[in-house]
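Below is one structure, written out as structure tokens; comments come after it.
The values are calculated or read from the model by the stated rules, or taken from the named source; none is laboratory data. Since this is a predicted model, take the numbers as computed values, not measurements. We place every Cβ from the backbone using ideal geometry, glycine too, and count neighbours over all the protein chains shown.
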């Protein structure tokens, strides 16, 4: 006997595209990145990045070729205990994480950074846009 399955209108190729999404998270339990919020007002952008478990000395911020790159490393302190069998389950992630952001329209010379309680805060002032001055052209 044949079984009838209802037609759901799904496209197999469309579902296949998402097959490998979040693969790293599925295998390692880690996103390989960190979450950020970026807000802006008339004078500056404010970037806040959540970096729980990261120490200030394991954090690097670089400005190169129009990009701001934040690198962080979270170390594992439980490897020895894990080998001794003291853990039933370990879910805390460790490793290196990085994100890059384009700095077009930002005054890169005046960016300030603060790290407090696992949150990195960057104040990034916007470049002042100068209006072209008007002038009359001489006709030859």
Query raised in the report: Is one or more of the residues making up the range 48-66 surrounded by 11 or more Cβ atoms within 10 Å (Cβ to Cβ), modelled with pLDDT of 90 or more, part of a strand (DSSP E or B) and over 17 Å from the mean Cα position of the chain (by Cα)?
Result: no
**Report entry** Filter result for residue 122 (under 23 Å from residue 33 (Cα atoms), surrounded by 11 or more Cβ atoms within 10 Å (Cβ to Cβ), modelled with pLDDT of 90 or more and out of contact with any helix residue (DSSP H, G or I) (no Cβ under 7 Å at 6 or more places or on another chain))
**Finding:** yes
